[in-house]
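Only one structure is covered here, and it is reproduced in the block below.
What follows draws every value from the coordinates through simple rules; no lab data is involved. Small disclaimer: the values here were computed from a predicted structure and weren't measured. In this analysis, Cβ positions are derived from the backbone assuming ideal geometry, glycine residues included, and neighbour counts consider all displayed protein chains.
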Amino acid sequence: MKEEHTPYIIFLPPRHEDQIFLLTSVFGSKIKLEILSEFCFKEEIYQKDIIEKFPYSNKTIITHLKDLVKLEILNEKMVKKDGKWLKIFKVNVQMKWLVLLLRNPETIPKEEMKKIITGFLNDYIKSVLKISEHYGMDKKEIQSFLSDIYENSN
């Protein structure tokens, strides 16, 4: 029997060229995927910890981190810890869905999954409303459509 596919939805930049560039930049690079996988379980990670984690050169890791910042997948900031300035990275809120693609859904605790689902619905419905408005659809149409789906679901 053929297995069902799991639906994944990610937020991408508006321009098609930027969408293709982002997807090929991330999914075409084992190193970028390894770096992003570290964010599956941590909100923020120090640059030095990422460098120490992987068997690649400092320059290679830093180059990939810079690319992920340029792609607006990661945000970077400097923090002072024990008198030293350290660079720390965090996933851009709109790109957390991309990182979740790298995590096995079965490893996500029920309460965390509930937060993920409600956060996703909030972001996704806002995006749908914005797009539908652009194409001249009324918010009431979307509300009616969602109500029909809800009422007709098992």
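List residues of segment 106-129, by number, whose backbone nitrogen lies under 20 Å from a label position 7 Å along Cα→C-beta of TYR150.
The answer is 114-129.
Tell me, GLU43, GLU38 in order of fewest to most beta-carbon neighbours within 10 Å?
GLU43, GLU38
Which whole-number percent gives the relative contact order of the chain, counting Cα pairs below 8 Å spaced six or more residues apart?
21
Calculate the translational D of the chain in whole µm² s⁻¹ from Stokes-Einstein, where the hydrodynamic radius comes from the Kirkwood formula applied to all Cα pairs, the temperature is 10 °C and the viscosity 1.306 mPa s.
88
With labels modelled as points extended 7 Å from the Cα through the Cβ direction, what inter-label distance (nm, one decimal) is found for LEU129 paired with ASN104?
It works out to 3.8 nm between the two label points.
Please find the FRET efficiency linking ASN58 to PHE21, where r is the Cβ-Cβ separation and R0 is fixed at 22 Å, and quote it to the nearest 0.05.
0.30
Suppose only helical runs count, i.e. DSSP H with n ≥ 4. What mean residue ellipticity at 222 nm does that imply for the chain under -39500 (n - 2.57) per run, divided by all residues and rounded to the nearest 500 deg cm²/dmol?
Numbers: 7 runs with 84 residues, N = 154.
About -17000 deg cm²/dmol.
Over all directions, the average projected area of the alpha-carbon convex hull for segment 108-154 comes to how many nm²?
Here the figure is 4.0 nm², rounded to one decimal.
Kindly provide the trypsin sites (Lys or Arg not before Pro) of segment 23-106 that DSSP labels as loop, not H, G, I, E or B, and whose Cβ sees at most 12 other Cβ atoms within 10 Å. Can you show the working numbers first?
Details: sites: LYS30, LYS32, LYS42, LYS48, LYS53, LYS59, LYS66, LYS70, LYS77, LYS80, LYS81, LYS84, LYS87, LYS90, LYS96, ARG103; in loops: LYS42, ARG103.
Answer in residue order: LYS42.
Nearest 0.05, what FRET efficiency do SER37 and LYS90 give at R0 = 22 Å with Cβ-Cβ as r?
0.90
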